[in-house]
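Have a look at the structure below, then the notes.
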Amino acid sequence: MTLPKLLLFLTFPLYVIDQVTKFWTIATFDPPWRDPGAHIAVVEGWFHFVRVHNQGVAFGFGNGTAWAPVVFLVVPIIALTMIRIFWLKGVFKHPVSMIAVALLLCGISAI
């Protein structure tokens, strides 16, 4: 499968779903600092929608710091550039690795 097909049929729809759910969440919930317990129960006691903000990296490291937004701008640019270079060099020849890269592209670009 070629990169344009993967982007069209896998990465792009997942990216759109990600963005739609983010906009829905922002439109539906007050910010967590106004109503920290707000949730929508889908399956009571098991599955709830909750609006959460984490501007840090793993486990909130860097949350609220001045450097976190810069890191979240630079790291995805580097990752996307490296994936593009490796793709052009033919590193991702196996179909499973192509799908993995398509999913990575969706996650990296969905910030």
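So is Val96 exposed (fewer than 12 other Cβ atoms within 10 Å of the Cβ) and in a helix (DSSP H, G or I) or not?
yes
Restricting the search to region 99-110, which residues are touching a helix residue (DSSP H, G or I) at 6+ places or on another chain (Cβ under 6 Å) and open to solvent by 80 Å² or more (accessible area, probe 1.4 Å)?
none
Wholly within region 1-93, which helices (runs of 4 or more DSSP H) include no fewer than the required count, namely at least 3 residues that are among the aromatic types (Phe, Trp, Tyr) and surrounded by 12 or more Cβ atoms within 10 Å (Cβ to Cβ)?
68-88
Ala66 - would you say it is over 30 Å from Thr2 (Cβ atoms), among the small types (Gly, Ala, Ser) and modelled with pLDDT of 80 or more?
no
The values are calculated or read from the model by the stated rules, or taken from the named source; none is laboratory data. Not measured: the values here are computed from a predicted model. Cβ: placed from backbone, ideal geometry, glycine included. Neighbour counts: every protein chain shown. Side chains included, ligands, DNA and RNA excluded: accessible areas come from the protein's heavy atoms. Shrake-Rupley method; radii C 1.70, N 1.55, O 1.52, S 1.80 Å.
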